[in-house]
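J.: Next up is a structure, given as structure tokens.
Each reported figure results from applying straightforward, stated rules to the coordinates on display, with no laboratory input. Quick caveat: nothing in here was measured; it's all calculated off a predicted structure. Ideal geometry is used to build each Cβ from the backbone, glycine not excepted, and the neighbour counts take in all protein chains shown.
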């Protein structure tokens, strides 16, 4: 019986490494939220700061929101990487790196305290996301049209 590493293409290692890199990006963003929580005195369990109670609420909330948005989209990114990478591991690896870089700049722009800054370079993550969607569709299409019975 073949092991999972024998069944997957060698290049699928790129997919695995990129997914771990995204985890490191997430750790970085979480640390930035923790630092901001202490700096701007936003106690747990409050997810966001109240503008009526904290003069730094907008800045903290932008940092928190930048991280939260990345958490909200992480399952989609992971699913697209895992599925699309089964057929196109090198392409998905490259697209994943571009996505991570764009996510970093999205977060850095958002963390300035002006939400509009998230759009400057951060919106570039839409291009790799579309590429990952196409790779996942290609994988599904290949499964549906392969020879043999189900």
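J.: When only C-alpha pairs under 8 Å and at least 6 residues apart count, what is the relative contact order of region 1-70, in percent?
T.: So the answer I get is 28 percent.
J.: Connecting C-alpha atoms closer than 10 Å in a GNM of the chain, tell me which of 95, 19, 71 has the biggest fluctuation.
T.: Residue with maximal mean-square fluctuation among 95, 19, 71: 71.
J.: Using alpha carbon centroids, what distance separates region 37-109 and region 115-139, in Å?
T.: Their Cα centres are 14 Å away from one another.
J.: Which one is right for this structure if Rg and Dmax of the Cα atoms in Å is calculated from it: [x] 14.7, 47; [y] 19.0, 65; [z] 14.1, 43?
T.: Entry [y].
J.: For residue 39 and residue 68 in the same chain, what is the full-extension length gain: residue separation times 0.36 nm, less their Cα-Cα distance, in nm?
T.: This chain segment gains 8.6 nm when fully extended.
J.: Let me have the 222 nm mean residue ellipticity of the chain computed from DSSP H runs of 4+ only, each contributing -39500 (n - 2.57), with the sum over all residues rounded to the nearest 500. Present the calculation step by step, with values, prior to reporting the outcome.
T.: Numbers: 5 runs with 104 residues, N = 150.
Dividing the helical sum by the residues of the chain leaves -24000 deg cm²/dmol.
J.: Using the count of nearby Cβ atoms within 10 Å as a rough guide to exposure, how do 92, 62 rank from fewest to most?
T.: On the way: 92 29, 62 21.
The order, fewest Cβ neighbours first, is 62, 92.
J.: Right, next: What percent does the relative contact order of the chain come to when contacts are Cα pairs within less than 8 Å and at least six residues apart? If you can, show how the numbers build up before the last one.
T.: Values: 172 pairs, mean separation 39.0, N = 150.
Dividing the mean separation by the residue count of the chain yields 26 percent.
J.: OK, next. Nearest 10 degrees is fine. How inclined is helix 57-87 to the longest principal axis of the chain, computing both from alpha carbons?
T.: Helix 57-87 sits at roughly 0 degrees to that axis.
J.: Which of 88, 145 has the fewest other C-beta atoms within 10 Å, and how do the rest follow up to the most?
T.: Working: 88 22, 145 7.
So the residues, fewest neighbours to most, are 145, 88.
J.: Rank the residues 129, 103 as a footprinting-exposure proxy: fewest other Cβ atoms within 10 Å of their Cβ go first.
T.: Working: 129 18, 103 24.
Fewest to most other Cβ atoms nearby, the residues stand as 129, 103.
J.: Moving to a separate point now. Could you work out how far helix 89-110 tilts from the main Cα principal axis of the chain, as a 0 to 90 degree angle to the nearest 10?
T.: So the inclination is approximately 10 degrees.
J.: Report, to the nearest 10°, how far helix 12-39 tilts away from the longest principal axis of the Cα atoms in the chain, using its own Cα long axis and a range of 0 to 90°.
T.: Once rounded, one gets 10 degrees.
J.: Which whole-number percentage describes the relative contact order of region 77-119, with Cα contacts under 8 Å and a sequence gap of 6 or more? Please report the intermediate quantities before stating the final value.
T.: Working: 21 pairs, mean separation 9.4, N = 43.
Contact order relative to length: 22 percent.
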